[in-house]
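**Student:** Quick one: this structure, given as structure tokens, is what I'll be asking you about.
Every number in this text was worked out from the coordinates using simple rules, so none of it is lab data. Note that this is a predicted model, so its numbers are computed, not measured. Reconstructed Cβ throughout: ideal geometry from the backbone, glycine too, with neighbour counts over all protein chains shown.
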Number of protein chains: 2
Amino acid sequence: MDLQVILYEPASFETKPQGTSPCHATADCLSNVSRFKINEIGPADASVLPVESTLREGEQFANAFFDTETKVKIAKALDDFGVDYIELTSPAASEQSRKDCETICKLGLKAKILTHVRCHMDDARIAVETGVDGVDVVIGTSSHLREHSHGKDMTYIIKTAIQVIEFVKSKGLEVRFSSEDSFRSDLVDLLSVYSAVDKVGVNRVGIADTVGCASPRQVFDLVRTLRGVVQCDIETHFHEDTGCAIANAFCALEAGATHVDTSVLGIGERNGITPLGGLIARMVVADRDYVLSKYNLRKLKEVESLVADIVSFSSCGGLSMSWWLTNSVQINIPFNNPITGFCAFTHKAGIHAKAILNSASSYEILKPEDYGLSRYVHFASRLTGWNAIKSRVEQLGLSMTDAQVKLCTQKVKAMADVRPLAIDDVDSVIRAFHLDLTAAEENPLLPTEKMIDHEMNGNSARQITA
Amino acid sequence: MDLQVILYEPASFETKPQGTSPCHATADCLSNVSRFKINEIGPADASVLPVESTLREGEQFANAFFDTETKVKIAKALDDFGVDYIELTSPAASEQSRKDCETICKLGLKAKILTHVRCHMDDARIAVETGVDGVDVVIGTSSHLREHSHGKDMTYIIKTAIQVIEFVKSKGLEVRFSSEDSFRSDLVDLLSVYSAVDKVGVNRVGIADTVGCASPRQVFDLVRTLRGVVQCDIETHFHEDTGCAIANAFCALEAGATHVDTSVLGIGERNGITPLGGLIARMVVADRDYVLSKYNLRKLKEVESLVADIVSFSSCGGLSMSWWLTNSVQINIPFNNPITGFCAFTHKAGIHAKAILNSASSYEILKPEDYGLSRYVHFASRLTGWNAIKSRVEQLGLSMTDAQVKLCTQKVKAMADVRPLAIDDVDSVIRAFHLDLTAAEENPLLPTEKMIDHEMNGNSARQITA
């Protein structure tokens, strides 16, 4: 396979960028792909993304205890959502882990089932007996891990890797070989081991930013280099320690990676990995039609809520209060989560609200309706503007001129300067103002249109944003 | 000023990458900077980062209502943390906003105080009277915003920008000009307006990913292009809609940007912007010594908790339950937050725990002690390994051989297969096992060292990770 360079042509979902936008400026002149398509990346069968690892990486999350029933529930929800691969905890981790692996393999899901084991024949032998479709093997390659973890040298790593890969393939299963801590490994070591396993027919090689140190341009460069060295698919795995796990995954795909490891809400060791929903948000901007055709996006919030509930409370059933106090943390969908954060589609500043009311794409790159969610224009704050209040006046079925709405807006803003307002509060202000207007028509001492115009002069919505 | 290209040489904090690591592979051959330094970016006075916008962008967060006392508290906390700039809501937004701006300017903080207004003389006149050190002006430049927001053309934008900039400068204040929705704007339009305002002496130009559509490589390319066009500083502003706000800020700095807008926990319109703490995490990996010397990192969790509390509950004081039910959402530090997420330094899988116990840097790119936080090795799960249990045995002051610890670990894992375990549960298992061992010395029917060796054969910690 040739070196692959992927062009990402970001687009608003309604109108493609016109003219010489900065988006176009990032076109890579080596690219022969005019528009990002997940299924145009990599070899023939490479329309696969993500490797959903809630049941492996996610089990390493501090708060996770998944019993068999819970694992089955999560696996089915992921399958409904449309993921291609579901990765499970090593059957060598514990007796129940092995049984759970067998149980999930028997569910008859559409997704392929993988398990993830050390690069060691003992583990591989156990893995191939569970009924999985494939085995992900991993070994630390950085000097940090070679010294402080397994203590093996590169010759041993390559020899063992080949032995394990050939064994798994002899059973007719897919096999992936990944290094661990790839971004603190020696590049020549890495390329040597990847090249060696590629030659014996590994299905995928994996790059893992195990400690979360990688930055987007490093990721792009390493994947691009690797893309020129191996024929097989490239899987990637990014931790979130420095907040770049979604961006790193995206840059990996731009450089020719074919698979990204995710977990629901990103749960995993420490503060986790690339979250499934966040990656979806990023990919929708790149190619909305493709992502919509492939995943059941309206299930996203349901899957996230399911997992959040499981790692919050349901694992505490039957336990003592002391256990709960020691171990339990309420896990919510984070307020700032892409797509499903509670205010991801809430518009507050006056200028934002005005433009959103004219055209949603002016301040939205994602469409809430794609996810079964709603847009909300916040109008109960000091930052509100008269366009938002006008929209609310209309929702209430009242009739006012623009000048009247502007004056009413001033009253709302003055009240919002003093204390937080509820929607009901604002509605009361609007209704009272409207009553006064009606009365004024019969009493010339109350504000007239002309007086309002005077009072409003130069005083229209001044709230600001960016 | 020459075109600046910044090399980022990421490093573990204890040992720099050796040999041909992928980190080195990303070195940009145009660069003349061998190690990333925030104060080597941009013009002479450009050691400034970030522009802390919790009191402007953050006030646009759905849950934010900041009274004067609250604003003062946040401003002082940010000043203690060591931020260089604090940006405030436009004084034109409301009467109280104007008064609060004046109040904060009079606090005598070390940080420079900015306010953020529309690119309009009316707003600029109000802003310069508040006592701020500088004025950030903004106008939408994308076709989306030109059509659906202000309706102005580029000629009008450039003319007004120059008028406003010259006015602010005539008052002896700093001025920044930013486009809005820069990544959906026409590149020639953008460069024209930036070049024009640079010529009249603007202090900074700003790029804003207002809708959160930009990807890291786009950001790098646009900032790099701009770096060759203007002499002045470059400020950047990234929204979090697709989860790339930290990565985008970092790529902007690599390309020569000098300022990054942040807010505490990233609060802002929709799901917010680059979070202060997340950007710090990313920058510490790039240059720990510099970041430690500049910011009071041990205050990070305090600042984040302060803001989380304010946007959760304290804004509800004195309000009715119906208001609370309608408007209030508990805002926590997200479980997956870099640095301060509750498990950001918790290590669970057996292999991770083993290596961490040997050397913290094996699975940590950040040091918890830099932030006044602690590391925790999780040992109460089915994924635990004998190294973690051995460490706990030692903490409990008990004495066991490695073979005994391995057998004890099997008992812990078997129990953890059945239900979630508390630390107390594991300690009980360990103590009971130890009691049995002591008894065994007096009773040869209980397990001996030899029997344990036999039972453990080939059965050491098989848990897995990456």
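**Student:** Summing +1 for each Lys or Arg and -1 for each Asp or Glu, what net charge is found among the other residues whose Cβ lies under 11 Å from the Cβ of B:R270? Could you put the intermediate results ahead of the total?
**Tutor:** Working: positive: A:K348, A:R375; negative: A:E364, B:E57, B:E240, B:D241, B:E269.
Residues close to B:R270 contribute a combined charge of -3.
**Student:** With +1 on the Cβ of every Lys and Arg and -1 on the Cβ of every Asp and Glu, and nothing else charged, how large is the dipole of the stretch A:120-254 about its Cα centre, in debye rounded to the nearest 20?
**Tutor:** Values: 13 positive and 21 negative charges, 76 e Å.
Dipole size: approximately 360 debye.
**Student:** Ratio of the stretch B:203-277's C-alpha Rg to 2.2 N^0.38 Å, to two decimals? All intermediate terms of the calculation are to be shown ahead of the outcome.
**Tutor:** Working: Rg = 11.4 Å, N = 75, 2.2 N^0.38 = 11.3 Å.
Against the empirical 2.2 N^0.38 Å value, I get 1.00 for the stretch B:203-277.
**Student:** Shortest first and in nm with one decimal, please list how far the B:T155 label point sits from its counterparts in the other copies (point 7 Å along Cα→Cβ).
**Tutor:** The answer, with the shortest distance listed first, is 7.7 nm.
**Student:** Using Cα pairs closer than 8 Å and at least 6 residues apart in sequence, work out the relative contact order for the stretch A:37-312, in percent. Present the calculation step by step, with values, prior to reporting the outcome.
**Tutor:** Numbers: 567 pairs, mean separation 58.3, N = 276.
Computed value for the stretch A:37-312: 21 percent relative contact order.
**Student:** Let me ask something else about it. For a Förster distance of 45 Å, can you work out the FRET efficiency between the beta-carbons of B:E369 and A:E441, rounded to the nearest 0.05?
**Tutor:** Values: r = 71 Å, r/R0 = 1.58.
Using R0 = 45 Å, I get an efficiency of 0.05.
**Student:** Across peptide A:337-344, how many C-beta atoms of other chains are within 10 Å of each residue C-beta, on average?
**Tutor:** Details: counts 5, 8, 4, 1, 7, 5, 10, 7.
Neighbouring Cβ atoms belonging to other protein chains average 6 per residue here.
**Student:** Which one, A:A93, A:N63, A:G131, is farthest towards the positive end of the dipole of the stretch A:37-312 when Lys and Arg carry +1 and Asp and Glu -1 on their Cβ?
**Tutor:** A:G131
**Student:** Would you list the P(r) distribution for the stretch A:141-217, with all Cα-Cα distances sorted into 10 Å bins from 0 and each bin expressed as a whole %?
**Tutor:** 19, 50, 27, 4
**Student:** Turning to a different aspect of this structure: When the Kirkwood hydrodynamic radius is evaluated over all pairs of different C-alpha atoms of the stretch B:37-312, what value in angstrom, to one decimal, is obtained?
**Tutor:** Details: mean 1/r = 0.0545 Å⁻¹.
Here the Kirkwood hydrodynamic radius works out to 18.4 Å.
**Student:** With an 8 Å Cα cut-off and a minimum separation of 6 or more residues, compute the relative contact order for the stretch B:84-183 in percent.
**Tutor:** Values: 168 pairs, mean separation 26.8, N = 100.
Rounded, it is 27 percent for the stretch B:84-183.
**Student:** Just tell me how shielded B:250-257 is by partners: mean number of partner chain Cβ atoms within 10 Å of each residue's Cβ, no decimals. All intermediate terms of the calculation are to be shown ahead of the outcome.
**Tutor:** Numbers: counts 7, 6, 0, 0, 3, 1, 0, 0.
Per residue, the number of nearby Cβ atoms from other chains is 2 on average.
**Student:** Based on the Cβ-Cβ distance from A:K169 to B:D402, what FRET efficiency comes out when R0 is 22 Å, to the nearest 0.05? Write out the running numbers ahead of the final one.
**Tutor:** On the way: r = 35 Å, r/R0 = 1.61.
E(calc), rounded to 0.05, equals 0.05.
**Student:** Which distances, in nm and shortest first, link the B:P368 label point to the same label point in every other copy, taking 7 Å along Cα→Cβ?
**Tutor:** Output for B:P368: 3.9 nm, nearest copy listed first.
**Student:** Would you mind listing the distances between the B:Q395 label point and the same position in each other copy? Use 7 Å along Cα-to-C-beta, nm, one decimal, shortest first.
**Tutor:** With the label placed 7 Å along Cα→Cβ, B:Q395 yields 5.1 nm.
**Student:** Listed here are the pairs A:K110/A:K152; B:K112/B:K301; B:K71/B:K169; B:K71/B:K171; A:K73/B:K299; which of them are more than 30 Å apart at the Cα?
**Tutor:** Flagged as over cut-off: A:K110/A:K152; A:K73/B:K299.
**Student:** Right, something else. To the nearest µm²/s, what D does Stokes-Einstein give for the stretch B:334-419 at 10 °C and 1.306 mPa s, using the Kirkwood radius over alpha carbon pairs as Rh? Write down the numbers at each step before the final one.
**Tutor:** Numbers: Rh = 13.7 Å.
My calculation gives 116 µm²/s for D.
**Student:** In units of 2.2 N^0.38 Å, what is the alpha-carbon radius of gyration of the stretch B:43-147?
**Tutor:** Numbers: Rg = 13.9 Å, N = 105, 2.2 N^0.38 = 12.9 Å.
Ratio of Rg to 2.2 N^0.38 Å for the stretch B:43-147: 1.08.
**Student:** Right, here's the next one. Only Lys, Arg, Asp and Glu count, each charged at its Cβ (+1, +1, -1, -1), so figure out the dipole size of the stretch A:37-312 about its Cα centre, rounded to 20 debye. Can you show the working numbers first?
**Tutor:** On the way: 31 positive and 42 negative charges, 83 e Å.
Charge dipole of the stretch A:37-312: 400 debye, to the nearest 20.
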